[in-house]
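The values are calculated or read from the model by the stated rules, or taken from the named source; none is laboratory data. Model, not experiment: these values are computed from the prediction. Positions of Cβ are backbone-derived with ideal geometry, glycine not excepted, and every protein chain shown enters the neighbour counts.
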């Protein structure tokens, strides 16, 4: 692993992490047992990564591990939270295919990655259009931008706000943001149809908090595989998330 940590010592340059970072980390840890769910999203994103993607907001490295298992040749992981960045550096210290670095998306250094990936990250960023424009600096012409975000503003819950979600998206609003950033959407679709009513009931109405337990285990074991099979043949009219793949224009 190569760690680029020059920015880490200059805290004045580090952007504020929106939301409770400790709650974010606890939530990531508690949902790590949702193996089928993570495998589903891995399968949806992997075909668009190319040979050296950059992931913005890599969290605890759950998707990175899966992408590496599937054979991605090289991977750059970034994280704004100091504690999670340190954990990523330790976790991938012996992995030659992985670079771990701090990235200020407002001032990206020129690179030529095959893809720019954000899994449940864009909703934390106030200037989402500006964050997506970083792809023009980070990704080579013709490369891809892969984005997964939570869906539908009406489902915005107290938990969303606590972890720093500025907004939730629709297919239309995410398409607009991608276009405003100068990207060309290839497709934008909803994912995880049964997850939306479950989220709305549990998080919005009952004010629950996602966590490891019997409910998550049962949902991941019985509901997710069926939803994945159905959505492989149909495009749902709504879902818990919006998935987008866009292109960076050639120069």
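Worth pointing out:
- Here residue 132 clears all of (1) in a strand (DSSP E or B); (2) touching a helix residue (DSSP H, G or I) at 6+ places or on another chain (Cβ under 8 Å) except the condition numbered (1).
- Of the residues contained in the stretch 59-71, none is found to be closer than 17 Å to residue 183 by Cα, modelled with pLDDT under 95, in contact with a helix residue (DSSP H, G or I) (Cβ under 9 Å, 6 or more places away or on another chain) and outside any helix (DSSP H, G or I).
- Qualifying residue in the stretch 34-56 (condition: at pLDDT below 95, under 16 Å from the mean Cα position of the chain (by Cα) and closer than 25 Å to residue 126 by Cβ): no
- Annotation note: of 188, 146, 223, the sole residue that is under 17 Å from residue 39 (Cα atoms) and touching a strand residue (DSSP E or B) at 6+ places or on another chain (Cβ under 8 Å) is 146.
- If you go through the stretch 105-120 and pick out every residue that is surrounded by fewer than 22 Cβ atoms within 10 Å (Cβ to Cβ) and under 13 Å from the mean Cα position of the chain (by Cα), you end up with 1.
- Taking the conditions (1) farther than 30 Å from residue 202 by Cα; (2) in a strand (DSSP E or B) in turn, residue 118 satisfies each one other than (1).
The rows are residues; the columns are (1) closer than 21 Å to residue 42 by Cα; (2) free of Cβ contacts under 8 Å to residues at least 60 places away in the same chain.
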site: 184; (1), (2): no, no
site: 189; (1), (2): yes, yes
site: 196; (1), (2): yes, yes
site: 204; (1), (2): no, yes
site: 214; (1), (2): no, yes
site: 220; (1), (2): yes, no
site: 248; (1), (2): no, no
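Here is a yes/no grid of residues against (1) at pLDDT 95 or above; (2) assigned to a helix (DSSP H, G or I):
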site	(1), (2)
126	no, no
164	no, no
188	yes, no
198	no, yes
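- Scanning the stretch 44-64 for residues that are closer than 19 Å to residue 227 by Cβ and in contact (Cβ under 8 Å) with a residue 60 or more places away in the chain turns up 44, 45.
- When we screen 152, 159, 200 for residues that are buried (at least 16 other Cβ atoms within 10 Å of the Cβ) and on the phi > 0 side of the Ramachandran plot, the only hit is 152.
- One residue alone among 172, 207, 228, 233 is surrounded by fewer than 16 Cβ atoms within 10 Å (Cβ to Cβ), out of contact with any strand residue (DSSP E or B) (no Cβ under 6 Å at 6 or more places or on another chain) and not in a loop (DSSP other than H, G, I, E, B), and that residue is 172.
- Any chance residue 117 is in contact with a strand residue (DSSP E or B) (Cβ under 6 Å, 6 or more places away or on another chain), modelled with pLDDT of 95 or more and under 27 Å from residue 198 (Cα atoms): yes
- Close pairs from the stretch 81-94: first free of Cβ contacts under 8 Å to residues at least 40 places away in the same chain, partner assigned to a helix (DSSP H, G or I) and crowded, with 20+ Cβ neighbours inside 10 Å, Cβ under 9 Å, at least 6 apart: 88/64; 91/64
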